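Written out below as structure tokens is the structure these notes cover.
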Amino acid sequence: MIIIMKAGAQEEEVNHVIQRVQELGFTPHVSRGVERTIIGVIGDERSLARSNFEVLPGVERVVRVLHPFKMASREWKQEDTVVAINGVSIGNGRLIIIAGPCSVESRSQLLETAHAVKEAGAHMLRGGAYKPRTSPYSFQGLGLKGLEILAEARETYGLPVVTEVLSPDLVPLVSEYADMLQIGARNMQNFALLHAVGKVNRPVLLKRGMMSTIQELLMSAEYILSSGNMQVVLCERGIRTFETYTRNTTDVNAIPALKQLTHLPVIGDPSHSTGKWDLVTPVARAMVAAGADGLIVEVHPRPEEALSDGAQSLRPENFARLVREVQALWETLRHIAVEPVTATTS
Ligand code: PEP
Ligand code: MN
């Protein structure tokens, strides 16, 4: 439930509503906009009547959010959320490109890649220091050493860094080194981890689980938001279907669907959603055309030597071409100025 205060409602009227919400055993979430204050009521609201609040002074109206996700919904917040990551904004009308290797393998490999992706026009650097591998015998990442290398690359090239955090106990350490915390597909429903990243002051990149619905992705985002962290970016990275030719199946539908359902920025990962380097650029174009706010792309100077995900990694020159193409596409789309299709305009 959302309580929308009248424009110009007095501070004591807002406080009175907050107090009432608390008295009824719910947690208020207050969002003060330029025009008006909105108070979200968090908790199992089935027992709560709208009329509990509609009569209070300063209240304009009370809206029930029908979705099970509340704070992630467009009803809760109509304007797009812009997530700021150490100088880079996602969701702010520019196409943001995050690029780098799947794993940090060595200092020279990461610095070489960071240099190349920066030259090609990437805005942020990615690279796994802790890797969630299907096999315990596969390369598991450099751990702390990998975080140190990422931090050095950030200093050298001025690119904010995103890296995966695998477990709640690693959240403080990874937060010390990274500008953004990645929750990988395999951990999308690791609720203890979602709760832990919800408690820190670091933006979160939440990837869709490979067998998760759009609603489940939004419920996972809700865990982070309701734990106190509003800086969440969602990522469509492909889902598992009966198709085996590609590693996953890109759910292009999810991008515009998410943009309708939530105010959170949405980016696409054409690397994991295809698993094949020569499909990455065409699918990146599709993601941008569908309305993604950005892309996260795997790049390796020598994919044949990569310790993980070499088959889907672009060489720097192919990545540079991808950037040129998707930025040109983005510019073209901006000029078309398409009206979003809503239930009332279809
Ligand atoms: C990755 O980004 O390298 C990764 C492991 O992604 P996902 O969690 O989407 O599989
Ligand atoms: Mn990878």
**OP:** Measure off 7 Å from each Cα along the Cα-to-Cβ vector at Leu144 and Ser108, then give the distance between these two points in nanometres to one decimal.
**Re:** 2.5 nm
**OP:** Express in whole angstrom the spacing between the alpha-carbon centres of region 247-309 and region 134-188.
**Re:** 20 Å
Subject >> region 2-63 - Rg (one decimal) and Dmax (whole number), Cα, Å >> reply: 10.5, 31
**OP:** Considering only Leu48, Leu181, Leu314, give the residue with the highest GNM mean-square fluctuation for the chain, with springs between Cα atoms whenever their separation is below 10 Å.
**Re:** Leu48
**OP:** Compute the length gained on full extension between Glu176 and Arg324: take 0.36 nm times their separation in residues and subtract their Cα-Cα distance, giving the result in nm to one decimal.
**Re:** 50.0 nm
Original post:
How large is the helix-only mean residue ellipticity at 222 nm for the chain, computed as the sum of -39500 (n - 2.57) over DSSP H runs with n ≥ 4, divided by its residue count, in deg cm²/dmol to the nearest 500?
Top reply: -10500 deg cm²/dmol
Original post:
Given +1 on the Cβ of Lys and Arg, -1 on the Cβ of Asp and Glu, and no further charges, what dipole in debye does region 225-346 carry about its Cα centre, rounded to the nearest 20?
Top reply: 80 debye
Original post:
So how much slack lies between Ala289 and Asn201, counting 0.36 nm per residue of separation and subtracting their Cα-Cα distance, in nm?
Top reply: 28.5 nm
**OP:** Would you mind getting the Kirkwood hydrodynamic radius of the chain from its Cα pairs, rounded to one decimal in Å?
**Re:** 21.0 Å
Subject >> GNM flexibility winner over the chain from Ser31, Ser313, Ser51 (Cα, springs under 10 Å) >> reply: Ser51
**OP:** Kindly flag which residue pairs out of Lys118/Lys259; Lys70/Lys131; Lys77/Lys199; Lys6/Lys207; Lys207/Lys276; Lys70/Lys145 have an alpha-carbon separation exceeding 30 Å in this structure.
**Re:** Lys70/Lys131; Lys6/Lys207; Lys70/Lys145
Original post:
How many percent of DSSP beta bridges within region 83-334 run antiparallel, rounded to 5?
Top reply: 15 percent
Original post:
GNM on the chain, C-alpha springs below 10 Å: top fluctuator among Val232, Val88, Val280?
Top reply: Val88
Original post:
Which order do Thr262, Thr281, Thr27 fall in if you start with the one that has the fewest other Cβ atoms within 10 Å?
Top reply: Thr27, Thr281, Thr262
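Taken together, the values in this text are just the output of simple stated rules run on the coordinates, not laboratory data. Nothing here was measured: the structure is a model prediction, and the numbers come from that model. Note that we place each Cβ from the backbone using ideal geometry, even for glycine, and neighbour counts take in every protein chain shown.
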